[in-house]
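Input: a single structure, listed below in structure tokens.
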Amino acid sequence: MSLYANARGGRLPLAFNAFSVVSLLIIIGLPVLSVILFAIFPHFNEGSFRAPFSNLYPQLSDPALIDATFNSIRLATCVTLLSIAVAVVLAYVRNKMSVTAGRFWDVMLLVPFLIPPYIASMAWIQMFQFNGVWYRWTGVDFSAFLFSFSGVVFVMTMHLFPLVYFSASNALRVIGQRYSDVARVYGAGRLDLACRILLPLMMPTLLASGLIVFVLSVEEFGTPDILGSRFGFEVMVTAIEEKLTDWPIDLPGASVLSLILIAIAVSAYLLQLVVNRKYAASLDAQTIISAANSSRGACLVAHLLFTLVAVFAVILPLFSIVAASLMRTVSHGLNWNNLTLSAYADLFTSGNGAVEAIYTSLGLAAMTALIAAVLGLLVAFTLIRLKPRGKSVLDVLSLMPNAVPAMALSVGLILTWNQQYLPVTPYNTIMILLLAYVCLMLPYPIRMITSALRQQPFSLDESAAIYGADILHIVRRVLLPLMVPIMVASGCIVFAISTRELVASLMLAPAGTETVATYVFNQFDQGSVSAGMAMSLVVILVSGALIALGQGIVKRYTP
């Protein structure tokens, strides 16, 4: 470590740090700062600091804002609690299964991650709305439930509970069987075992993953907008979108709401970090992994539980997407005479907007993946290896993209770059989308490359230095070849997720520019359900293949 310790005050580490800080300031720092300044100084876009805080009281006392904030917190709380409940039950019974059966269900429950929430919401509407697929089959109308607060909670839970499930399942696997066996020796029943042994040991994991679900629920736009708008349910993100799209445009109001949204998300994210660092359970290295020793009846019940959840989380949404994409007209229902592949053929026919949307999304995703991977390597190398003086600023900036919601970032980018005094601005060009995408996707390469770089011993760097290599040579000839597979893997994941990003695309896309996400959203809004669902299925398949490729590369090249 002396190689980098001796160089920390040198020009190269400081240059790396300065470039990283400036890059992150432009990408994330300025948008967040703009939200704060506009919320405090409503005339800031005029270059004036007059009447500070004059906009806060009218906005904070607005009943609509209070209702939207309360609805967001209520929705996020209910989704989090229900996700934890579903995940804990499934994780417990999964740990009693055989290895093969458990892996099958693990793969099955990865599928909800591949279906963007706005697409899943559209699929649920096609399935359970009045005169939808389910109604035509059974005559039972579930539209009253779907278009209600409970329906929104249910749909969001089916998308987010796997986050808690995988964390809880891993925690139970680490805890093992030994603690349970000892408790049984001393007469503990199943309830005592669950409440006094397993749950306390799992609590840090449940809190940490639950807080992530809470943040994702607070910042979710697609499901509350698509389902909630049907019964007048408004949350903070939909209120912000309304302030920016309905005339007259209310930038100060949008900035205040965005500031509240950022405060909630950052608070939950910081609390999650505290839980991870302070309350992690420490177990013996000799913990024994649970064996599948349950009776046939218990195994059958476990498989039935997983099947029931998989039907609602995976099978019904996917079936609805495929069925809707194949129907010639939705009103004629699902029958052989109404099935066609024309929606898929139209996707690749020039002149209907789909091809242009695909090209735009692919180009943006490719540039985002490249920039995010390179910037992620630079930030990770600076923080892990160089550790220059003043790195705390870079530390904070590198964590911010994890916590800033996409809607708040979009507002911040509008407030930052839509200013008359700027000689050059990316606003109203494709570059503003690229800025937003890079910011939203940065956490993936930073997290993956940082983790991989920590696993590389410092002796590699020291050995190269002994043979006369300077820092640049070490980076180019030693570390970069080791990190390229991880950069490619993170790039695949970034590419896949970028192609389906909705909020930033909806809020920032220049006039006449459509991405895949806005194409799907607009087609559904205009009643062209088949075209939207056909594009949705293509997005799910492509993103799934790319994410699987990225994960495969990580497993192949990570020790």
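Residue by residue through the range 161-202, note down the ones that are at pLDDT 70 or above and of a type in the set (Phe, Trp, Tyr).
The answer is 161, 165, 166.
From the residues in the range 107-130 that are in a loop (DSSP other than H, G, I, E, B) and free of Cβ contacts under 8 Å to residues at least 60 places away in the same chain, which one is nearest to residue 320 (Cα to Cα)?
129
Does residue 331 count as surrounded by 13 or more Cβ atoms within 10 Å (Cβ to Cβ) and at pLDDT below 85? Spell out how you get there, then give the answer.
Details: surrounded by 13 or more Cβ atoms within 10 Å (Cβ to Cβ): no; at pLDDT below 85: yes.
No: the conditions fail for residue 331.
If you check residue 383 against the conditions, is it under 28 Å from residue 113 (Cβ atoms), touching a residue at least 40 places away in the same chain (Cβ under 8 Å), in contact with an Asp or Glu (Cβ under 9 Å, 6 or more places away or on another chain) and crowded, with 17+ Cβ neighbours inside 10 Å? Let's see the steps before the verdict.
Numbers: under 28 Å from residue 113 (Cβ atoms): yes; touching a residue at least 40 places away in the same chain (Cβ under 8 Å): yes; in contact with an Asp or Glu (Cβ under 9 Å, 6 or more places away or on another chain): yes; crowded, with 17+ Cβ neighbours inside 10 Å: yes.
The answer is yes for residue 383.
Please verify whether the range 388-402 includes one or more residues that are surrounded by 22 or more Cβ atoms within 10 Å (Cβ to Cβ), in contact with a helix residue (DSSP H, G or I) (Cβ under 7 Å, 6 or more places away or on another chain) and among the β-branched types (Val, Ile, Thr).
No; the residues of the range 388-402 include none that is surrounded by 22 or more Cβ atoms within 10 Å (Cβ to Cβ), in contact with a helix residue (DSSP H, G or I) (Cβ under 7 Å, 6 or more places away or on another chain) and among the β-branched types (Val, Ile, Thr).
Any chance you could count how many residues in the range 1-22 are of a type in the set (A, V, I, L, M, F, W, C) and modelled with pLDDT of 70 or more?
Keep residues of the range 1-22 that are of a type in the set (A, V, I, L, M, F, W, C), which gives 1, 3, 5, 7, 12, 14-16, 18-19, 21-22.
If we keep only those that are modelled with pLDDT of 70 or more as well, we get 12, 14-16, 18-19, 21-22.
Qualifying residue count for the region: 8.
Somewhere in the range 439-460, is a residue in contact with a Leu (Cβ under 7 Å, 6 or more places away or on another chain), part of a helix (DSSP H, G or I) and over 24 Å from residue 272 (Cα atoms)?
There is no residue in the range 439-460 that is in contact with a Leu (Cβ under 7 Å, 6 or more places away or on another chain), part of a helix (DSSP H, G or I) and over 24 Å from residue 272 (Cα atoms).
For the list (1) without any contact (Cβ under 8 Å) to a residue 60 or more places away in the chain; (2) in contact with a helix residue (DSSP H, G or I) (Cβ under 6 Å, 6 or more places away or on another chain), I need the number of the one condition that residue 531 fails.
(1)
Taking helices (runs of 4 or more DSSP H) that do not extend beyond the range 1-106, which have at least 2 residues that are crowded, with 17+ Cβ neighbours inside 10 Å and touching an Asp or Glu at 6+ places or on another chain (Cβ under 8 Å)?
On the way: elements: 2-7, 11-24, 30-40, 56-60, 63-94.
Correct list: 2-7, 63-94.
One line per residue, one yes/no per condition, for (1) at pLDDT below 85; (2) farther than 14 Å from residue 377 by Cβ; (3) crowded, with 23+ Cβ neighbours inside 10 Å; (4) among the polar types (S, T, N, Q):
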position	(1), (2), (3), (4)
427	no, yes, no, no
431	no, yes, no, no
440	no, yes, yes, no
469	yes, yes, no, no
473	yes, yes, no, no
476	yes, no, no, no
480	yes, no, no, no
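Taking the stated definitions as given, is residue 97 more than 24 Å from the chain's Cα centre (by Cα) and not basic (Lys, Arg)?
Considered against the rule, which asks whether it is more than 24 Å from the chain's Cα centre (by Cα) and not basic (Lys, Arg), residue 97 comes out as yes.
Could you tell me which residue of the range 131-160 is farthest from the chain's Cα centre (by Cα), considering only residues that are at pLDDT below 90 and assigned to a loop (DSSP other than H, G, I, E, B)?
In this case the residue turns out to be 139.
Determine whether residue 503 is surrounded by fewer than 23 Cβ atoms within 10 Å (Cβ to Cβ) and either acidic (Asp, Glu) or at pLDDT 85 or above (or both).
No; evaluated as a whole, the condition is false for this residue.
Restricting the range 474-511 to residues that are in a helix (DSSP H, G or I), touching a Gly at 6+ places or on another chain (Cβ under 7 Å) and in contact (Cβ under 8 Å) with a residue 60 or more places away in the chain, which is farthest from residue 437 (Cα to Cα)? Steps first, please.
Of the range 474-511, the ones in a helix (DSSP H, G or I) are 474-498, 503-508.
Then keep just the ones that are touching a Gly at 6+ places or on another chain (Cβ under 7 Å); that gives 489-490, 492-493.
Retained after the next criterion (residues that are in contact (Cβ under 8 Å) with a residue 60 or more places away in the chain): 489-490, 492.
On the way: 489: 17, 490: 14, 492: 14 Å.
Residue satisfying both the conditions and the ranking: 489.
Of the residues 462, 514, only one is surrounded by fewer than 24 Cβ atoms within 10 Å (Cβ to Cβ), of a type in the set (Asp, Glu) and under 28 Å from residue 317 (Cβ atoms); which?
Criteria check complete, one pass: 514.
The rows are residues; the columns are (1) among the aromatic types (Phe, Trp, Tyr); (2) closer than 17 Å to residue 318 by Cβ.
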| residue | (1), (2) |
| --- | --- |
| 114 | no, yes |
| 119 | no, yes |
| 143 | no, no |
| 147 | yes, no |
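Please specify each residue of the range 139-163 satisfying the condition of being polar (S, T, N, Q) and without any contact (Cβ under 8 Å) to a residue 60 or more places away in the chain.
143, 150, listed by residue number.
Scan the range 228-247 for residues that are assigned to a loop (DSSP other than H, G, I, E, B) and among the acidic types (Asp, Glu) and jot them down.
If the condition is that a residue be assigned to a loop (DSSP other than H, G, I, E, B) and among the acidic types (Asp, Glu), then 234, 246 are the ones that fit.
Among the listed residues 471, 493, 466, 486, identify the single one that is of a type in the set (A, V, I, L, M) and under 16 Å from the mean Cα position of the chain (by Cα). Break it down into steps so the answer makes sense when it comes.
Numbers: 471 fails: under 16 Å from the mean Cα position of the chain (by Cα); 466 fails: under 16 Å from the mean Cα position of the chain (by Cα); 486 fails: under 16 Å from the mean Cα position of the chain (by Cα).
Answer to the selection: 493.
The values are calculated or read from the model by the stated rules, or taken from the named source; none is laboratory data. From a predicted model like this one, the values you see are computed outputs, not experimental measurements. Reconstructed Cβ throughout: ideal geometry from the backbone, glycine too, with neighbour counts over all protein chains shown.
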